[in-house]
Amino acid sequence: MTKIFDQSVVFTQLHKSNNDNIYEIVIPVRNESFRLKYLIEGLKDNFKLVFLDGGSTDNTVDLIKSYDCDVYQRNDPKIYGKQDNQLAQDIFDAQNGTSWCIAYYINNVSKAKFIIRLWADEYINKNDQRRILDYFNSDRVNVVGRRVDWFYGYRIGSPTSYIISYCPGEAVWDDKILHSDVVSLSNDSHLLHVQVEHYSVGDTLQNLGKLAKYTKAEVSRIT
C-alpha cells in the first residue's frame, strides 16, 4: 500500500497510551461503548490496543481513554470523494473506508513489530492469545483467524478463515477486503490457526438493542 496521504490528514490522535508492547491489536469502532469494556479487559494484558474511531457520538472514545488505550479519529471526509465507478462508490459508501484506514494504520502509523486486526464484535480467548504470543515470540507472524459466529448462545453458520496478523507495510487493501499477500506465499505448516469468536451477530435493530446484555454473557462464556 503506497503512502499517499500525510498521517495527520488520515487520523487525528485523540489519546496516546503509555503501553509500549511490540504486539498490537488494531480495532475500528463507532458507537461501541456497550461492548468495549469486556473486549478491552479481555485483551489489554497481552497486547497494546489501538482503536480507530469512525465518528462515535456516544462515550466510546472516553471509555477507550479511561483504559489508557491509543485512539485515533478517522478523518474520512478529508480522504474520500467521488469514486471512479458505481461499484467503488457503493463500497466506499457502505464501508466508509474502514478497511483502507486499517491498512493505512498498519503500514504507515504503527510502530509495533506484529499487529492483529479485530473488529469490535470479535474476541480471541485467553488460550489462543497465549498461542499467538508464543508464535510472535518465535518471529513468525502469519496468524489465521477461524471465525465462529454466535447469536444469543447459538452457533450459526460455518466458520470462515482469514488472515488477522500483519507486519508494518504488509497490509493490502482491495475494495473492502483487507489481507496480506505474504500468506499466499507461505507454507500452510507455518500458519497459526486460532479461533475468533464473533459474539454479537444481529440482523435487526431490535436484536442489536439487546446486545449489551448478550455481550457480557457471551464474553463470560468464551473467556
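The values are calculated or read from the model by the stated rules, or taken from the named source; none is laboratory data. This structure is a prediction, so every number in the text was calculated from the model and none was measured. We place every Cβ from the backbone using ideal geometry, glycine too, and count neighbours over all the protein chains shown.
So that you can scan it fast, the table gives a plain yes or no per residue for (1) under 19 Å from Val196 (Cβ atoms); (2) free of Cβ contacts under 8 Å to residues at least 60 places away in the same chain:
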| residue | (1), (2) |
| --- | --- |
| Asp6 | no, yes |
| Val10 | no, no |
| Lys16 | no, yes |
| Asn19 | no, yes |
| Ile22 | no, no |
| Arg35 | yes, no |
| Tyr38 | yes, no |
| Asp45 | yes, yes |
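Restricting to the stretch 41-80, count the residues that are within 17 Å of Leu14 (Cα to Cα), among the hydrophobic types (A, V, I, L, M, F, W, C) and in contact with a strand residue (DSSP E or B) (Cβ under 7 Å, 6 or more places away or on another chain). So the answer is 8. If you go through the stretch 132-181 and keep only what is at pLDDT below 65 and touching a Ser or Thr at 6+ places or on another chain (Cβ under 6 Å), you end up with just Lys176. Considered as a group, the residues in the stretch 110-141 that are of a type in the set (Val, Ile, Thr) and under 15 Å from the mean Cα position of the chain (by Cα) include one that is nearest to Asp20 (Cα to Cα), and that residue is Ile115. Assess whether Arg117 counts as being under 19 Å from Ile40 (Cβ atoms) and modelled with pLDDT of 95 or more. Criteria not met by Arg117.
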